[in-house]
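Down below is the structure, laid out as structure tokens.
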Amino acid sequence: MAEAYIVDALRTPTGKRKGALAHVHGADLGAHVLQTLVARNKIPAQDYDDVVFGCVDAIGPLAGNIARTAWLAAGLPLHVPGVTIDRQCGSSQQALHFAAQAVMSGTQDVVVAGGVQTMTQIPISSAMLAGRPLGFDDPFSGSTGWRARFGDEPVSQFHAAELIARQWNVSREAMEAFALESHLRARRAQNEGRFARELVESFGLAADETVRDTSLEQMAKLETLLPDGRLTAGVSSQTGDAAAALLVVSEAALKHYGLKPRARIHHMSVYADDPIHMLTAPIPATRQALRKAGMRMDDIDLVEINEAFAPVVLAWLAETGYAHDRTNVNGGAIALAHPLGATGAKLATTLLHELERRNARYGLQTMCEGGGVANVTILERLS
């Protein structure tokens, strides 16, 4: 089978809610990473085959196929198409999969995979609630088939995270210790310049502005998200504004343009679990991916798993037996935020750069997604 190679990967810093990127239009934020990606690589802009972007809550400035809009806002050639993917939190990881599949099929040679999200302007769940003026409270309760199968149980990430904390008996104290470690790792990564190669200064912002200098004592004072729950904002991912992009090419493109591949897509798959528990899918998805790839967890040098909530990662660690000190080594979304449709490409970018920094070979990326779905990508570093 033909191979898909990653030649470049970059991201904007993540702006905190109402932070430095709060007033940047989504098309302009996406355009910035596209302009940078095209400018610093040898492939002429007119030779790009497609732009595949992830985006969630695609209303307002994010509506109308933001992948295409961002490419045009970047001043790039009119004939290059774009398509926007919504697989909820895994949207831009799925964008990377679709880009790789297009290359591996032989139908395309040069594809951008990425994502953009401006959560300050368009808050989480905006699209889920957009039907209310039309008489639809949510996407689920009006379906007789859904209610026959799942009843009236809440379809909520907060409810799901609480279910996971209870099922795996994860205490609030354990979650807060994990969250603190995420911030400490992210701050250390910043201080050591680990993000320098993957970041592109964007609209005056040069570094992620979401990392907090907190403590267990401070987190212990936070109220729980639900009256009888264990979760607080301190053990949850932060909202943020960001964009990221990766350049995916074929072997023919490598030769034609004289490019050096940085990584190969070794494996990609997607798997689903219960939509009410919603956030557990990375566990069976990881098992299936390793089985299909003929690998074991011991073969994986580094893991990036999205820190939607601390119990998601703690349950995954407990079930896989993988080492925490090789998981989210530079912090995760609790410290670095979860800009929804951009997060998958953002994590892939960070994973690739950390594999290079450590001279490691295999990295695995996974993340929980709305509907109880999880993507898994395994990258093999080549240079």
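Of note:
- Residue selected from the stretch 265-291 under the condition in a helix (DSSP H, G or I) and open to solvent by less than 10 Å² (accessible area, probe 1.4 Å), by the criterion nearest to residue 155 (Cα to Cα): 282
- Test set (1) over 12 Å from residue 341 (Cα atoms); (2) in contact (Cβ under 8 Å) with a residue 12 or more places away in the chain; (3) part of a helix (DSSP H, G or I) - residue 133 fails condition number: (2)
- If you go through the stretch 179-204 and keep only what is among the hydrophobic types (A, V, I, L, M, F, W, C), open to solvent by 20 Å² or more (accessible area, probe 1.4 Å) and within 29 Å of residue 28 (Cα to Cα), you end up with 196, 199, 203.
- Subset of the stretch 100-126 [outside any loop (DSSP other than H, G, I, E, B), closer than 20 Å to residue 68 by Cα and open to solvent by 50 Å² or more (accessible area, probe 1.4 Å)]: 101
- Qualifying residue in the stretch 68-90 (condition: open to solvent by less than 20 Å² (accessible area, probe 1.4 Å), of a type outside the set (A, V, I, L, M, F, W, C), in contact (Cβ under 8 Å) with a residue 40 or more places away in the chain and in contact with a Leu (Cβ under 8 Å, 6 or more places away or on another chain)): no
- Test result for residue 286, more than 30 Å from residue 207 (Cβ to Cβ), touching a Leu at 6+ places or on another chain (Cβ under 9 Å) and not aliphatic (A, V, I, L, M): yes
- Test: residue in the stretch 219-233 that is modelled with pLDDT under 95, farther than 17 Å from residue 334 by Cα and either of a type in the set (A, V, I, L, M, F, W, C) or touching a Ser or Thr at 6+ places or on another chain (Cβ under 9 Å) (or both): yes
- Cβ pairs under 8 Å, 6+ apart, first in the stretch 1-12 and over 22 Å from residue 195 (Cα atoms) and in contact (Cβ under 8 Å) with a residue 40 or more places away in the chain, second surrounded by fewer than 24 Cβ atoms within 10 Å (Cβ to Cβ) and acidic (Asp, Glu): 2/251; 3/251
- Identity of the residue in the stretch 223-263, among the charged types (D, E, K, R) and closer than 26 Å to residue 46 by Cβ, that ends up surrounded by the most Cβ atoms within 10 Å (Cβ to Cβ): 262
- Odd one out for residue 321 among (1) on the phi > 0 side of the Ramachandran plot; (2) open to solvent by 10 Å² or more (accessible area, probe 1.4 Å); (3) under 13 Å from the mean Cα position of the chain (by Cα): (3)
- Cross-chain or 6+ apart pairs with Cβ under 8 Å, the stretch 199-225 first and within 20 Å of residue 23 (Cβ to Cβ) and of a type in the set (A, V, I, L, M), then open to solvent by less than 50 Å² (accessible area, probe 1.4 Å) and in a helix (DSSP H, G or I): 200/32; 200/33; 200/36; 207/190
- Counted residues, the stretch 1-57 - those being surrounded by fewer than 24 Cβ atoms within 10 Å (Cβ to Cβ), assigned to a loop (DSSP other than H, G, I, E, B) and among the small types (Gly, Ala, Ser): 4
- Residue count for the stretch 127-170, restricted to those that are open to solvent by 60 Å² or more (accessible area, probe 1.4 Å) and within 22 Å of the chain's Cα centre (by Cα): 2.
- Checking each residue in the stretch 347-371 for being open to solvent by less than 10 Å² (accessible area, probe 1.4 Å) and either within 13 Å of the chain's Cα centre (by Cα) or more than 15 Å from residue 330 (Cβ to Cβ) (or both) picks out 348, 349, 351, 364, 365, 366, 367, 368, 369.
The values are calculated or read from the model by the stated rules, or taken from the named source; none is laboratory data. The structure displayed is predicted, hence computed values, not measured ones. Glycine also receives a Cβ, built like all others from the backbone with ideal geometry; neighbour counts cover every protein chain displayed. The area values use the complete protein model at the heavy-atom level, side chains included, leaving out ligands, DNA and RNA. Shrake-Rupley method; radii C 1.70, N 1.55, O 1.52, S 1.80 Å.
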